[in-house]
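K.L.:
I'd like to ask some things about the structure below.
The values are calculated or read from the model by the stated rules, or taken from the named source; none is laboratory data. Note that the coordinates shown come from a computational prediction; the quantities given were computed from them, not determined experimentally. Heads up, the Cβs are rebuilt from the backbone with ideal geometry, glycines too, and the neighbour counts pull from every protein chain shown.
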Amino acid sequence: MAPQIPGQAEIVSSLHRAALDPRGWGDVFSGIRDRLDGSKLSLHGHDRRTGAIFLSGASGYEPEFAEGYLSYYHSINPFVPKSELLPLGVARQSNADIPPEDLFRSEFYNDWMRPQEDLVGAVAIRTRPVGSRSWVLSLNIRRRDWSRLEGRALRLLDALEPHLSHAFQVSEMMNRLTGQIVAATADALQPGMSGGVIVTDHNRYVLWADDGAIRLHPSLLRIDVLGRLRFGDDRAEEWAEATLRQNGKLSGRAPLGVTFTQGSQKWDIRAVKILDPNQPVPQFPGGQQNSWASSERTVFLISRRSGIAPPEQALAQAFGLSMAEAEIALAIWDGASTSEIVDQRKTSLNTVRNQIRAVLHKMDARHRADLVRIVAHCLGSRRIATALAAQARGEMH
């Protein structure tokens, strides 16, 4: 067993507390920076399937540089797209995939990294994923310290990885339970309706979103590059901002916040604000240093109330699929792997494989690519429209 790095036990203890109480992140960040002579630190969550940054936070940066990053430099950061190249659970130089000559010529380096005591590079680690999501923890090291601290940073992150991954898994589980409990309490998502649940912090940075919300069209909602929730409808956007400015706790059933129409579809958005100092917030919010001290969350519940059946229901009736099979067909169309479907559905690998075989057979698809083509074509085809019309007339049972 490798010897422990001085201070490692204290950081591990803080990590396990931070998984449930965001105030613990201050101790995590302080402990890591103390071990690395004040190197700067950032943590962001990345969804490989959607490309969304669903969590963002930092420690050690001067306010003017943090503000500059949020307002502009995040959009040209060459390291963020490389996050997917990091091996799971193994620390490495995050700039290993960017040639030094390219980095040193870049605007990001010369205007943002270099003025900060010449942050020449970083060491980073990506947690083991939950579904398509993972965290990336990066330590930015000054040029004068690089040769002395690079190895220490690699060893520290390797030692912390099991605990960081565990904290992420606990956070995902807690946020999923929170969203499900609030949705059930608010009675917002009724049978025959579709939509999703999104949990945000007090600045509307997304902490967690279920698969239903992630699938919604960008014209309805989107998560921007910094992980902030945006609504496509102007009235919904204005209402969301007003909701987050309210003080106190919105309890009981989620109040009807705003209703608007897109095409033939009518949407309701409701919100429940949770403000309780004893209520743990699994992940710290993004965009502001020390913002993990807040324990305020807002749960947005988005639901469709038109007479049009959701895609899985339409596919089920068009091809004789069970609802579980229709959901799997949509997951494959959405790019999910077999292992990701197993994670999403919380069932066995054999069960999912059998369901995929049944879907391919019932939809007369030879392979996954064929299935994707059929689903993409049929979601807008006359066959689906006919099934929906028959359902509305009561001809299908």
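K.L.:
Does the stretch 97-117 include one or more residues that are hydrophobic (A, V, I, L, M, F, W, C), within 21 Å of the chain's Cα centre (by Cα) and either modelled with pLDDT of 80 or more or under 27 Å from Trp208 (Cα atoms) (or both)? Write out each step before concluding.
P.N.:
Start the filter on the stretch 97-117 by keeping residues that are hydrophobic (A, V, I, L, M, F, W, C), which leaves 98, 103-104, 108, 112-113.
The next check asks that each one be within 21 Å of the chain's Cα centre (by Cα); those that pass are none.
Within the stretch 97-117 (the criterion being hydrophobic (A, V, I, L, M, F, W, C), within 21 Å of the chain's Cα centre (by Cα) and either modelled with pLDDT of 80 or more or under 27 Å from Trp208 (Cα atoms) (or both)), the answer is no, since none of the residues qualifies.
K.L.:
How about the stretch 36-58: which of its residues are touching a helix residue (DSSP H, G or I) at 6+ places or on another chain (Cβ under 7 Å), surrounded by fewer than 20 Cβ atoms within 10 Å (Cβ to Cβ) and at pLDDT below 80?
P.N.:
Arg48, Thr50
K.L.:
If you check Arg92, Arg105, Arg33, which single one turns out to be surrounded by fewer than 19 Cβ atoms within 10 Å (Cβ to Cβ) and either of a type in the set (Asp, Glu) or without any contact (Cβ under 8 Å) to a residue 24 or more places away in the chain (or both)? Show your work before the answer.
P.N.:
Values: Arg92 fails: either of a type in the set (Asp, Glu) or without any contact (Cβ under 8 Å) to a residue 24 or more places away in the chain (or both); Arg33 fails: either of a type in the set (Asp, Glu) or without any contact (Cβ under 8 Å) to a residue 24 or more places away in the chain (or both).
Answer to the selection: Arg105.
K.L.:
Scan the stretch 203-223 residue by residue and report those that are under 30 Å from Arg345 (Cα atoms), in contact (Cβ under 8 Å) with a residue 60 or more places away in the chain and assigned to a loop (DSSP other than H, G, I, E, B).
P.N.:
Matches in the stretch 203-223: Arg204, Leu216, Leu220.
K.L.:
Among the residues of the stretch 333-357, what is the count of those that are assigned to a helix (DSSP H, G or I), over 15 Å from Val372 (Cβ atoms) and either outside the structural domain of Asp370 (by TED's automatic domain parsing) or free of Cβ contacts under 8 Å to residues at least 24 places away in the same chain (or both)?
P.N.:
Residues flagged as assigned to a helix (DSSP H, G or I), over 15 Å from Val372 (Cβ atoms) and either outside the structural domain of Asp370 (by TED's automatic domain parsing) or free of Cβ contacts under 8 Å to residues at least 24 places away in the same chain (or both) within the stretch 333-357 amount to 9.
K.L.:
Something else: Can you spot a residue in the stretch 88-110 that is over 19 Å from Phe168 (Cα atoms) and touching a Ser or Thr at 6+ places or on another chain (Cβ under 7 Å)?
P.N.:
Applying the first criterion (over 19 Å from Phe168 (Cα atoms)) to the stretch 88-110 yields 92-110.
Restricting the remaining residues to those that are touching a Ser or Thr at 6+ places or on another chain (Cβ under 7 Å) gives 94.
Looking for residues that are over 19 Å from Phe168 (Cα atoms) and touching a Ser or Thr at 6+ places or on another chain (Cβ under 7 Å), one finds at least one in the stretch 88-110, hence yes.
K.L.:
Related question: As an exercise: evaluate Ala240 against (1) in a helix (DSSP H, G or I); (2) closer than 20 Å to His46 by Cα and give the number of the one condition it does not meet.
P.N.:
(2)
K.L.:
What's the number of the only condition in (1) at pLDDT 90 or above; (2) within 30 Å of Arg345 (Cα to Cα); (3) part of a helix (DSSP H, G or I) that Ile125 fails to meet?
P.N.:
(3)
K.L.:
Could you list all residues from the stretch 81-122 that are touching a strand residue (DSSP E or B) at 6+ places or on another chain (Cβ under 6 Å) and in a helix (DSSP H, G or I)?
P.N.:
Ser83, Ser94, Asn95, Met113
K.L.:
Can you name the residue in the stretch 181-215 that is hydroxyl-bearing (Ser, Thr, Tyr) and crowded, with 23+ Cβ neighbours inside 10 Å and is also modelled with the highest pLDDT among such residues?
P.N.:
First pass over the stretch 181-215, keeping only residues hydroxyl-bearing (Ser, Thr, Tyr): 185, 194, 200, 205.
Applying the additional criterion that residues be crowded, with 23+ Cβ neighbours inside 10 Å yields 200, 205.
Numbers: Thr200: 81, Tyr205: 78.
Among those residues, the one meeting the criterion is Thr200.
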